[in-house]
Amino acid sequence: MKVLVTGGAGFIGSAFVRLLIGETSYRVVNLDKLTYAGNLENLRSVESSDRYRIVEGDICDWHLVESLLAREKPDAIVHFAAESHVDRSILSPEPVIRTNVFGTFTLLEAARRAGIGRFVHVSTDEVYGSLEPPQQATEEYPLNTSSPYSASKGGSDLLARSYFVTYQMPVMITRASNNYGPFQFPEKLIPLMISNALENRPLPVYGDGMQVRDWLYVDDHCRGVLAVLNQGRAGEIYNLGGNRSLPNIEVVRKILALTGRPEDLIQHVTDRPGHDRRYSLSSQKLMSETGWRPETEFETGLRRTIEWYRANAAWVAHVRSGEYRAYYERNYGGRATLRQESV
């Protein structure tokens, strides 16, 4: 089988490409715009494979997408490509709407016309919004988006679903909880806190840090997406959770303990607008239909991730140069410091 992976140079997309090349016989075509979050270094281990090729391009480019499908004739599309950071969507909503909504439409329409056999649309638990404990969102839970990012993903989910209902196109949607692991761009919570801790820099924590997230190791997520690609039912939505919910501040303290850094590096800053308090997913449907389940314990995955960042300081320095520094100052520089954490 030949699979077109969009966004395959990003954090989760590259892990999925490495999984396909390393553990299946599938051929992979990777379509990636190579923005700040796309990094060819993430794919160094597979770039010489005769089952892999990369095409640089934008999923919003209709002529590129149409010609690529005509030339490559993939059996399936797995759609990771997205502007995925909430903070960036708040600072500048236009790119996230363009890529996540219009880009998804472009892919769906081109795939429909080309008769693609399977289309997996990769989404997020953020579309369900904040849940009061002990609630868990099942796939039937109503959408309740809070940020331009989550709204763009909710919109693209509905668009993907409409192509199944209207055109009987074999679309499946996955919604995963917060991912972490090696190769993650250091703007999300875990890689940002790890990289700052290793450099003895302040760790900016939004508000009181009691926002609760469910954590899923990236390789477990990718195996779940592969299970949906191979075994999922057309028109269905599948949640992928890690079954480990923790307040952000507890995650930060674990990182400090594992890196041997003091807790007074924690710096509470003004919370971001519309910050959801708690996410929680039920993955029972995917587990019962495919046998998938998350295998990596959070503490094991976190140690593995910290060791990767410790051993790959050059990778971190490279991705944090240039545009990243401007974004970091724009997002955190103007936020009031609420207090330092005391040990």
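Readers should treat all values here as calculations from the given coordinates under stated rules, not as data from a laboratory. Since this is a predicted model, take the numbers as computed values, not measurements. Glycine also receives a Cβ, built like all others from the backbone with ideal geometry; neighbour counts cover every protein chain displayed.
Rounded to whole numbers, the Karplus 3J(HN,Hα) couplings from phi for region 147-152 are 10, x, 5, 5, 5, 5 Hz, using 6.51 cos²θ - 1.76 cosθ + 1.60 with θ = phi - 60°, and x at Gly and Pro. Averaging over all projection directions, the Cα-based convex hull of the chain occupies 16.0 nm² in the image plane.
Modelled spin-label separation between Leu158 and Ser48, with each label point placed 7 Å from Cα along the Cα-to-Cβ direction: 4.9 nm.
With all pairs of separate Cα atoms included, region 243-315 yields a Kirkwood hydrodynamic radius of 15.3 Å.
Note: relative contact order over the chain, using C-alpha pairs below 8 Å and six or more positions apart, is 17 percent. Taking label points 7 Å from Cα along the Cα-to-Cβ direction, Gln168 and Arg310 give a separation of 5.7 nm.
Among Thr104, Thr290, rank each residue by its count of other Cβ atoms within 10 Å, from fewest to most, as a rough exposure measure.
Numbers: Thr104 26, Thr290 17.
If I rank by nearby Cβ atoms, fewest first, I get Thr290, Thr104.
When the scattering of region 123-165 is computed by the Debye formula from its Cα atoms alone, each counted once and equally, what is log10 I(q)/I(0) at q = 0.15, 0.32, 0.34 Å⁻¹? Each listed q corresponds, in turn, to -0.36, -1.16, -1.22.
The length gained by stretching the chain between Glu289 and Asn144 to full extension, at 0.36 nm per residue less their Cα-Cα distance, is 49.6 nm. Our summary gives region 106-163 a relative contact order of 37 percent, counting only alpha carbon pairs under 8 angstrom and 6 or more residues apart. Looking at region 34-117, the trypsin sites (Lys or Arg not before Pro) that sit in a DSSP loop and have at most 16 other Cβ atoms within 10 Å of their own Cβ are Arg44, Arg51. Taken along its principal axes, the alpha carbon cloud of region 103-195 reaches lengths of 44, 32, 21 Å, longest axis first. For region 159-290, taking Cα atoms only, Rg and Dmax work out to 17.8, 57 Å respectively. Pairs of C-alpha atoms in region 205-244 farther apart than 12 Å represent 67 percent of all such pairs.
For region 49-151, with equal point scatterers placed on the C-alpha atoms only and solvent neglected, what are the log10 I(q)/I(0) values from the Debye formula at q = 0.11, 0.17, 0.23 1/Å, to two decimals? Treating every Cα as an identical point scatterer, log10 I(q)/I(0) equals -0.44, -0.88, -1.22. Among Thr24, Thr174, Thr337, the order by Cβ neighbours within 10 angstrom, fewest to most, reads Thr337, Thr24, Thr174. Only helices enter the 222 nm calculation for the chain: every DSSP H run of n ≥ 4 contributes -39,500 (n - 2.57), and dividing by all residues gives -12500 deg cm²/dmol, rounded to 500. Taking GluC sites (Glu not before Pro) across region 248-299, the ones in a DSSP loop with at most 15 further Cβ atoms lying within 10 angstrom of their Cβ are Glu295, Glu297.
Taking 0.36 nm per residue of separation and subtracting the Cα-Cα distance, full extension of the segment from Asp264 to His63 would add 67.1 nm. Principal semi-axes of the equivalent ellipsoid, √(5λ) from the alpha carbon gyration tensor of region 1-110, are 23, 17, 10 Å from largest down. When the alpha carbon gyration tensor of region 50-99 is reduced to an equivalent ellipsoid, its three semi-axes come out at 27, 13, 9 angstrom, largest first. With both labels modelled 7 Å from their Cα along Cα-to-Cβ, the Gln231 to His275 distance reads 3.8 nm. Scattering from region 179-220 was approximated by placing one identical point on each alpha carbon and applying the Debye formula without solvent; log10 I(q)/I(0) at 0.19, 0.21, 0.29 1/Å stands at -0.64, -0.76, -1.10. Averaging 1/r across all pairs of distinct Cα atoms in region 205-273 and inverting the result yields a Kirkwood radius of 14.6 Å.
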